[in-house]
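Remarks on the structure that follows.
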Amino acid sequence: MSLPIRIYAALVLLCLPYLAVGTWLLHMKGLQSLAAFVASVGLLMWVLAFSARSWRLFLLLQFPFLILGAAFAEYIYTFDSPPGQLIAYVLATSSWAEVVGFFGIWQGKKLLLAALLVGTIYLWLSARAPARPIFSSRSGYWRWGGIAAVVLLSAYAAQNSAAFIDGLAANPVIGTAMFLGGPLRQANAAVKGTAIRKLPYGASRIHDAEEVHILVIGESSRRDSWSVYGYQRETTPNLERLQGEAIFFQHAMADANMTIYAVPILLTGRPPGSFDIKDITGNLVDLAEEAGYSTSWLMNQDPHISLLIGVHADHMVYPPSISTLVEGHLPLDGALLPDLQREIARGGKSRFIGLHIIGSHWEYAQRYPAAFERFGAGSDLSHLAVLSGKPDPRIVDSYDNSVSYTDWFLAQIIQQARTLTVPATVTFFSDHGEDLLMLDGVAGHGTAGYSKHQFEIPAFVWVNSAFREAHPDKVQAMTQNAGKQIRTHNVFYSMADLMGIGWPGASPEQSFASTGFEPDLTTPFIAGGKFVARVD
């Protein structure tokens, strides 16, 4: 006897998300992943059918899986991957108000309205479906044939373990369980500062007077595009006016040309030759806290980078994760200035304030407001402009505009620090540099070979008059070391030196704020995840 049209219509709605995910899976992961996906979905269907017995109850029990499946399919087609680290860190760093607020913007309203419409139609069809038995005395062939198909598909998929796992991860039910127990659990632990096992440094302050030290980690800044270093375009006029107040390092070098290596090295002091992220047991923020500093960490960057190495300050500021995910880009770095002002104004205790900014990362035209289009417009650029392999002056123009905005941003930080009457410093190091196709013949960063502009970075330390008076020896040492090669793994020891922190593992020879500083001229660099030597 044929089934009523309402059951067929409900089944079509129920299967559409699975069909969409299966199509993506076949295209992106292959036939074995699809086999694992179909087997897992089929098994779930069989279990619910066997438990419900009737079509009406079966369809009603499937309602939450329909909504979950639709959300899964939407996410996969938007981000070309099942839910993983990206959404895990977005959720872990978002407040409940941000989550609720998502449904107040058009993208959220659109998803909510679609879910309500499809859900209402499905529930109406399901509730009006007859309570007809799914299985009858004559349906044994289909009942056990389905189980046999699940077994055969699973056996085929299991021949490739990676494909088998990919298929299971794309199943909305199994994938959600894997997400909750894996990426989301790890992201929550990272936000709480418990993701890695930390060991104490045994740190203490050499002096007790109140001081404020600010570290700014830039992004994709090539030294040769900063006019303070001689670039023909006036990209850094504000920094040029700091000559005499700030010490500009002439030969600063990034240890790696990828953020995932560069920032952990900078914040832990582990040089590339002995760096392994699994061995990290602490970072600069931990060292400052242990020595008695109040700490703050302000991010306009992927928080995963900082949280991966256990950065957990007294005051954490994350980018607006959900709106960033929806809009596809981070806000401007200037959004951090009010948070910085609050941290500077706390008073009463020495403070270490770190800022991790998006700087000049591609897409360059997203990194500055329209008022900073000083060298030409780049708002119509896209990834295709880089992938085309053709030199485009608009790329250089938009990159230089981003440098100009970073110059303004750093000037605002220093202006805020000027209000302090206690000793204060502002230190800037970029994580790595950047190649520009029109100038270098290659583009971007993270390439497997050594390219000078991916490693040669701008760096400086600004000090106020109170710091000069309190620590003339450190100012003199930095001035003497300004012409030497400084590596980003020196930043950890140098910041500790500036903050007056001592501990058994301190290395004055690795601090550019020490007269005993010895440049590291032998340690290899990391290019594209591999060790390379410098090529002059």
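Structural remarks
- When the range 242-270 is filtered for residues that are in a loop (DSSP other than H, G, I, E, B) and within 25 Å of residue 194 (Cβ to Cβ), the ones remaining, listed by number, are 269, 270.
- Screening residue 409 on (1) farther than 30 Å from residue 472 by Cβ; (2) crowded, with 17+ Cβ neighbours inside 10 Å; (3) modelled with pLDDT of 95 or more; (4) out of contact with any Phe, Trp or Tyr (no Cβ under 7 Å at 6 or more places or on another chain) shows it passes everything except condition (1).
- Residue within the range 127-143 that is modelled with pLDDT of 85 or more and farther than 23 Å from residue 48 by Cα present: no
- Residues that are under 21 Å from residue 264 (Cα atoms) and touching an Asp or Glu at 6+ places or on another chain (Cβ under 6 Å) within the range 348-359 comprise 353, 357, 358, 359, listed in sequence order.
- Scope the range 193-227; condition of a type in the set (A, V, I, L, M) and touching a Lys or Arg at 6+ places or on another chain (Cβ under 7 Å); matching residues: 212
- Among residues of the range 344-380, those that are touching a residue at least 40 places away in the same chain (Cβ under 8 Å) and within 23 Å of the chain's Cα centre (by Cα), counted: 11
- Condition check for residue 201: not aliphatic (A, V, I, L, M) and not assigned by TED's automatic domain parsing to the domain that holds residue 373: yes
- Number of the condition not met by residue 276 [criteria: (1) within 19 Å of residue 534 (Cα to Cα); (2) of a type in the set (D, E, K, R); (3) free of Cβ contacts under 8 Å to residues at least 24 places away in the same chain]: (1)
- Verdict on residue 50 being among the aromatic types (Phe, Trp, Tyr), more than 30 Å from residue 327 (Cβ to Cβ), surrounded by 15 or more Cβ atoms within 10 Å (Cβ to Cβ) and touching a residue at least 12 places away in the same chain (Cβ under 8 Å): no
- Within this structure, residue 306 passes the test of being closer than 30 Å to residue 400 by Cβ, crowded, with 22+ Cβ neighbours inside 10 Å and assigned by TED's automatic domain parsing to the domain that holds residue 460.
- Between 340, 330, the distinction of being touching a Pro at 6+ places or on another chain (Cβ under 7 Å) and either assigned to a helix (DSSP H, G or I) or at pLDDT below 95 (or both) belongs to 330 only.
- Some residue of the range 488-505 being in the same structural domain as residue 353 (by TED's automatic domain parsing), at negative phi and modelled with pLDDT under 95: yes
- Boolean, residue 476 is surrounded by fewer than 22 Cβ atoms within 10 Å (Cβ to Cβ), modelled with pLDDT of 95 or more and touching a Leu at 6+ places or on another chain (Cβ under 7 Å): no
- Test for residue 45: is it exposed (fewer than 15 other Cβ atoms within 10 Å of the Cβ) and either farther than 19 Å from residue 184 by Cα or over 32 Å from the mean Cα position of the chain (by Cα) (or both): no
- From 292, 273, residue being outside the structural domain of residue 187 (by TED's automatic domain parsing) and outside any helix (DSSP H, G or I): 292
- Condition met for residue 421 (surrounded by fewer than 20 Cβ atoms within 10 Å (Cβ to Cβ) and closer than 22 Å to residue 343 by Cα): yes
- Inside the range 170-188, residues that are touching a Pro at 6+ places or on another chain (Cβ under 7 Å) and under 20 Å from residue 303 (Cα atoms) make up a count of 1.
- Every condition in (1) under 31 Å from the mean Cα position of the chain (by Cα); (2) touching a residue at least 40 places away in the same chain (Cβ under 8 Å); (3) buried (at least 24 other Cβ atoms within 10 Å of the Cβ) holds for residue 505 except the one numbered (3).
- Some residue of the range 224-240 being surrounded by fewer than 23 Cβ atoms within 10 Å (Cβ to Cβ), under 27 Å from residue 303 (Cβ atoms) and either touching a residue at least 12 places away in the same chain (Cβ under 8 Å) or in the same structural domain as residue 467 (by TED's automatic domain parsing) (or both): no
- Some residue of the range 135-142 being surrounded by 12 or more Cβ atoms within 10 Å (Cβ to Cβ), out of contact with any strand residue (DSSP E or B) (no Cβ under 7 Å at 6 or more places or on another chain) and assigned to a loop (DSSP other than H, G, I, E, B): yes
- In the range 1-10, the count of residues that are under 32 Å from the mean Cα position of the chain (by Cα) and part of a helix (DSSP H, G or I) is zero.
- Taking the numbered list (1) closer than 13 Å to residue 247 by Cα; (2) of a type outside the set (Ser, Thr, Tyr); (3) within 25 Å of the chain's Cα centre (by Cα) in turn, residue 436 passes all entries but (1).
- Of the residues making up the range 21-66, those that are of a type in the set (S, T, N, Q) and either part of a helix (DSSP H, G or I) or under 13 Å from residue 133 (Cα atoms) (or both) are 23, 32, 33, 40, 51, 54.
- Residues located in the range 477-507, provided they are outside any loop (DSSP other than H, G, I, E, B) and under 22 Å from residue 432 (Cα atoms): 478, 481, 485, 486, 487, 490, 491, 492, 493, 494, 495, 496
- Odd one out for residue 215, checked against (1) outside the structural domain of residue 359 (by TED's automatic domain parsing); (2) buried (at least 16 other Cβ atoms within 10 Å of the Cβ): (1)
The values are calculated or read from the model by the stated rules, or taken from the named source; none is laboratory data. Quantities reported herein were computed from a predicted structural model and do not represent experimental measurements. Positions of Cβ are generated from backbone atoms using ideal geometry, with glycine treated the same way; all protein chains shown enter the neighbour counts.
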